[in-house]
Amino acid sequence: MKLQDTLSNSEQELDISKKVRIYLCGVTVYDESHVGHARTIIVFDVLRKYLEKKGIELEFIQNFTDVDDKIISRAQTEGTTAEEISTKYIENYFKDFDGLNVKRATNYPKATEHIDDIIKFIEKLIEKQIAYTTKNGVYFSVSKFPEYGKLSKKKIDELQSGARIEIDEAKKDPLDFAVWKFSDIKPIWDSPWGKGRPGWHIECSAMSIKYLGENFEIHGGGRDLIFPHHENEIAQSESCTGSPFAKIWVHVGMVTINGEKMSKSLENIKSIKHVLKNWGPNIIRLFCLSGHYSKPIDYSEDLLKENLTKWRQAETCYYELIHASSENHEEINPIVKKASTEFDNALEDDFNTHLALSAFFQLVREGNRLAADEKLGKEDAQIIKIELQRMLEILGLSIPEMTENEKQEIDNLIENREQFRKEKQFEEADKIRDKLNKMNVELIDHKVNTIWMKKENIKAEN
RNA sequence: GGUACUCUGGCAGAACGGUUAUGCGUGAGCCUGCAAAGCUUAUACAAGGGGGUUCGACUCCCUCGGGUACCUCCA
């Protein structure tokens, strides 16, 4: 599989000859997660599901930043502790992302649970004279890392001239960044240099190396993390270990809304709770996968509606497949094979989810076409269904399961309606259909039979 | 101001130096007791502007312009 690597600014082949190790920069837990977060995490969710489906072993680490100025200030305004805030939003995070059908990572390390590792990491940096102590904290000396700027393609001197970084006289260089901040305000920990808390970037260096080793396959996150976060991570990690850090840097484009980045400060966020309530997980996932991961996508009702239309087609296909009962046979193997190959090829080629979705919907259309022509045989349907299900699993899309009782009830109602139809009592028949509609069950009248589909209840409101 | 990315039909989004992308939307039709769903079919001046290379450019080069992101916390 080829992936666009920010560091080399070129496509790089992912090494799948051994366990694939992935580190994804997760969220700072101080507030609701929104669609922007969802996109990055869903992209990685599909990536790992695809690799796992291929039988590739992988380790997927995603951190929680649970110590940070924003958490602390939030705790102060709410009159509570930082720990309570982060705990609350971690729980909240899992509620949201379970709802989005995101598979749990191998591990979700937290900064606060790795203070010892962070301190050891800083000690090494000091030992190597790459970090130094001031009255405010411990700082990483950017000038000690000549390759600084290689990820974000920034020139150090240009950064300095344009720097709007707050002036700290104690620092040797305005670009130097904190790895440890002295503080008396909780949460604080003891360190060889004084009480305080870790800087933002150091946790990811310490934790990724701890769990994945000094050099691992993929390090990812949102595009907005390239600078300074990932740049600083590289500087710290490579200075500390003396070896190259992550092999491929994958950055996911921003979700915009009316062309502007979705972010809390612009007050244009759509929370995951909100969109989950109005659109459900499948539409949101389809939306997040509708463009190439490296490019921005614009959140709009039109686009969501388009995905809803497509999802309805997929649902229809699924129900046509499971209800197929004829003994008819068509030449379907080449069709299934084609869709399957196109799906995989699209993902192998820089993880082009849009093209993969095209292949998926191509298969959906084939299924629906056969059904519409009354040519969908039982065995053929099974063959299509196996492939469709494979794609659904990789994409993380799911059709709600129904209990046997529900199915039985539906079948009974359909039978009643059939009786009325035969007797040309259409009013009575339509009453039953309306009743089923209210249960989100839609009917498809075929020539020989009537099948039902349980449609996901989607408000489709923005 | 700097850096990166980006600019294809109403919208989303591909490939390719010379062939219809495709999907959504829209129109028509089929199916149906009627619907719904689905299917079939049609539809689009498409390439940000201007130059150049070429027999031929959406695809290569130059230039001008627009957009977004980052340069401060940010997925």
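The values are calculated or read from the model by the stated rules, or taken from the named source; none is laboratory data. Source: prediction; values computed, not measured. Cβ: placed from backbone, ideal geometry, glycine included. Neighbour counts: every protein chain shown. We work out accessible area using only protein heavy atoms, side chains counted, and drop any ligands, DNA or RNA first. Shrake-Rupley method; radii C 1.70, N 1.55, O 1.52, S 1.80 Å.
Be a star and scan segment A:178-212 for residues whose amide nitrogen sits under 15 Å from the point 7 Å along the Cα-to-Cβ vector of A:Lys135.
A:182-183
From the Cα trace of segment A:37-152, what convex hull volume per residue do you get, rounded to a whole Å³?
Measuring per residue, one finds 173 Å³ for the Cα hull of segment A:37-152.
Using per-residue counts of other Cβ atoms within 10 Å, averaged over each peptide, order A:66-79, A:310-323 from highest down.
Working: A:66-79: 16.6, A:310-323: 20.1.
Ranking the peptides A:66-79, A:310-323 by packing returns A:310-323, A:66-79.
Can you tell me, using C-alpha contacts under 8 Å and at least 6 residues apart, the relative contact order of segment A:303-395 as a whole percent?
Value for segment A:303-395: 41 percent.
Using just the alpha carbons, could you tell me how many Å³ per residue the convex hull of segment A:225-276 encloses?
118 Å³
Counting other Cβ atoms within 10 Å, keep those with at most 15, restrict to DSSP loop, and tell me which trypsin sites (Lys or Arg not before Pro) in segment A:376-462 are left. Kindly include the intermediate steps, with their values, before the conclusion.
Numbers: sites: A:Lys378, A:Lys385, A:Arg390, A:Lys407, A:Arg417, A:Arg421, A:Lys422, A:Lys424, A:Lys431, A:Arg433, A:Lys435, A:Lys438, A:Lys447, A:Lys454, A:Lys455, A:Lys459; in loops: A:Lys424, A:Lys447, A:Lys455, A:Lys459.
When the trypsin sites (Lys or Arg not before Pro) of segment A:376-462 are filtered for loop state and at most 15 Cβ neighbours within 10 Å, A:Lys424, A:Lys447, A:Lys459 remain.
Could you work out the Rg to Rh ratio of segment A:320-373, with Rh taken as the Kirkwood radius (inverse of the mean 1/r over all Cα pairs)? Intermediate values should be presented prior to the final figure.
Numbers: Rg = 12.8 Å, Rh = 12.0 Å.
That ratio is 1.07, to two decimals.
Can you give the FRET efficiency to the nearest 0.05 for A:Asp430 and A:Lys407, using r as the Cβ-Cβ distance and R₀ = 25 Å?
0.70
Quick check on packing: order A:112-119, A:146-153 by the mean number of other C-beta atoms within 10 Å, highest mean leading.
The packing order, highest mean first, is A:112-119, A:146-153.
Using just the Cα positions, wrap chain A in a convex hull and report its mean projected area in square nanometres, one decimal place. Before the final figure, lay out the partial values.
Values: hull surface 101.1 nm².
Mean projected area of the Cα convex hull: 25.3 nm².
Computing the accessible area with a 1.4 Å probe over protein heavy atoms, can you report the carbon and sulfur percentage for chain A? Could the numbers behind the result be given before it?
Details: 10220 of 21360 Å².
Roughly 48 percent, rounded to a whole number.
I need the per residue convex hull volume for segment A:188-329, using only the alpha carbons, in cubic angstrom as a whole number.
Dividing the Cα hull volume of segment A:188-329 by its residue count gives 211 Å³.
Mind running the shape call on segment A:303-395? Use the C-alpha gyration tensor, a ≥ b ≥ c as the square roots of the eigenvalues: rounded below 1.5 for a/c, prolate if a/b tops b/c, oblate otherwise. List each step's numbers first, then the result.
On the way: a/c = 2.35, a/b = 1.46, b/c = 1.61.
The shape class here is oblate.
Can you divide the C-alpha Rg of segment A:381-462 by 2.2 N^0.38 Å and report the result to two decimal places?
Against the empirical 2.2 N^0.38 Å value, I get 1.32 for segment A:381-462.
May I ask you to give the solvent-accessible area per residue for segment A:404-454, in square angstrom, as obtained with a 1.4 angstrom probe? Numbers along the way, then the final one.
Numbers: 3550 Å² over 51 residues.
With the other protein chains kept in place, segment A:404-454 gives 70 Å² per residue.
Please report the antiparallel percentage of DSSP beta bridges with both residues in segment A:2-272, rounded to the nearest 5.
Values: 18 of 34 bridges.
Percentage antiparallel, nearest 5: 55.
Determine the relative contact order of chain A: mean sequence separation of Cα pairs under 8 Å and six or more apart, normalised by residue count, in whole percent.
It rounds to 17 percent for chain A.
Would you calculate, for chain A, the mean residue ellipticity at 222 nm contributed by helices, counting each DSSP H stretch of 4 or more residues as -39,500 (n - 2.57) and dividing by all residues, to the nearest 500?
Value at 222 nm, helices only, nearest 500: -15000 deg cm²/dmol.
If you stretched the chain out fully between A:Glu158 and A:Thr106, how much longer would it get, using 0.36 nm times the residue separation minus the C-alpha to C-alpha distance?
Stretched fully, the A:Glu158-A:Thr106 segment lengthens by 14.7 nm.
If you count only protein heavy atoms with a 1.4 Å probe, what accessible area per residue comes out for segment A:41-87, rounded to a whole Å²?
That works out to 39 Å² per residue.
What do you get for Rg/Rh over segment A:347-410 if you use C-alpha atoms and the Kirkwood form of Rh?
On the Cα set of segment A:347-410, Rg over Rh gives 1.06.
Just to confirm, what accessible area per residue do you get for segment A:303-395 at 1.4 Å probe, in whole Å²?
On the way: 4100 Å² over 93 residues.
Counting only protein heavy atoms, the per-residue value for segment A:303-395 is 44 Å².
Viscosity 0.890 mPa s, temperature 25 °C: what is the translational diffusion coefficient of segment A:2-272 from Stokes-Einstein with a Kirkwood Rh over Cα pairs, rounded to a whole number of µm²/s?
126 µm²/s
Tell me the GluC sites (Glu not before Pro) within segment A:210-312 that lie in a loop according to DSSP and have at most 11 other beta-carbon atoms within 10 Å.
A:Glu267
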